[in-house]
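Read the figures in this text as sums done on the coordinates, not as results from a lab. Just so it is clear, the structure is predicted and the values come from calculations on it, not from any experiment. So basically every Cβ, Gly included, is an ideal-geometry build from the backbone, and we count neighbours across all protein chains shown.
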Amino acid sequence: MFITHPDIEKYLLSLSKEEDPVLNQMEEYGHSINFPIIDRLVGRLLFVLTKIKKPKLVVELGSGFGYSAYWFAKALENDGKVVVVDYKEENIQKAKDFFEKGGVLNKAVFEVGDAVKVAKKYQDIDILFMDLEKSRYLEAFKEVEPNLSKDAVIIADNTLWSGKVLQENLDSQTRGLKEFTEYMFKNPDYYTSLVPLRDGVLIAVRL
Ligand SMILES: C[S@@+](CC[C@H](N)C(=O)[O-])C[C@H]1O[C@@H](n2cnc3c(N)ncnc32)[C@H](O)[C@@H]1O
């Protein structure tokens, strides 16, 4: 199921031209190997949110080869940093190469390993970006919550999961996403919105 009407998506993409050659290379690379990057429209949303929030510390849970992190890095100001984490060493090496080409290496810290374990090493996370295994969203959030800053922003990708959240019989990934989403909407410590852009982007702010 398309979340956004394909014609609307085309229109939004036509408005969203990018001059940065590294960003374009990353997209070409991601598409060529069918890697599930957040893609251009959600990337621009991350950029806007980062400019508004002006975080000192962004932590990603699941960075792949660094496409989403690159958007954060481009929007970070002063000494702001994004922690780029993936299980796979080869993904992190690729991310380093792209960040170097794009001149934003100084905006990032690169880590290989389980993203939840890595995130727990950091304090005062201003933006937590979640794009790890879908069945683990809620557990991961609860584990990292003590490490969030007092007015943290949480951004979680794929929270509409191609519309599968509407089905009756849910697989473990869809169930995980739905449990996390409902938990966030009901949680009085956060104010939560879900933007139906691309595959659904949940955005929550700690109150
Ligand atoms: C959807 S992709 C990330 C895409 C990336 N956020 C982007 O938009 O450019 C998910 C990535 O997270 C990694 N991953 C999933 N669960 C993880 C975990 N618990 N710890 C570390 N990496 C994880 C996978 O290896 C994969 O590269």
Quick one: Cα centre-to-centre distance for segment 87-131 and segment 1-20, in angstrom? 27
Charge-dipole axis of the chain as Lys and Arg at +1 and Asp and Glu at -1 on Cβ define it, positive-most pick from Thr181, Ile52, Tyr122: Ile52
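Counting each DSSP H run of 4 or more residues in the chain as -39500 (n - 2.57), what helix-only mean residue ellipticity at 222 nm follows after dividing by all residues, to the nearest 500 deg cm²/dmol?
On the way: 8 runs with 88 residues, N = 207.
Roughly -13000 deg cm²/dmol at 222 nm, from the helical runs in the chain.
So how do 82-93, 182-193 stack up, highest first, on mean other-Cβ count within 10 Å? Could you put the intermediate results ahead of the total?
Values: 82-93: 19.8, 182-193: 13.8.
The densest-packed peptide leads the list: 82-93, 182-193.
Report for the chain the percent antiparallel among DSSP-assigned beta bridges with both residues inside it, nearest 5. Display every interim value, and only then the final one.
Values: 11 of 28 bridges.
About 40 percent, rounded to the nearest 5.
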Between Leu105 and Tyr183, what is the spin-label point distance in nm, taking each point 7 Å from the Cα along the Cα→C-beta axis? 3.8
Between Gln173 and Ser14, what is the label-to-label distance in nm when each label sits 7 Å out along the Cα-to-Cβ direction? 3.2
Relative contact order for the chain using alpha-carbon pairs under 8 Å, separation at least 6, rounded to a whole percent? 19
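What ranking do 11-18, 130-137, 56-63, 25-32 get when scored by the average of other Cβ atoms within 10 Å per residue, highest first?
Values: 11-18: 10.9, 130-137: 21.4, 56-63: 25.1, 25-32: 14.4.
Output ranking for 11-18, 130-137, 56-63, 25-32: 56-63, 130-137, 25-32, 11-18.
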Determine the distance separating the Cα centre of segment 38-75 from the Cα centre of segment 143-191; give it in Å without decimals. 18
Taking H as built 1.01 Å from N, whose amide H comes closer than 5 Å to the amide H of Tyr190, not counting residues under 5 places away? Leu207
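Once the piece of chain linking Lys120 and Asp7 is laid out straight, how much longer is it, given 0.36 nm per residue of separation minus the C-alpha distance between them?
36.5 nm
Would you mind calculating the relative contact order of segment 155-207 from Cα pairs under 8 angstrom and at least 6 residues apart, reporting the percent as a whole number? Write down the numbers at each step before the final one.
Numbers: 71 pairs, mean separation 23.2, N = 53.
Value for segment 155-207: 44 percent.
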Relative contact order, percent, segment 1-75 [alpha-carbon distance under 8 Å, six or more residues apart]: 33
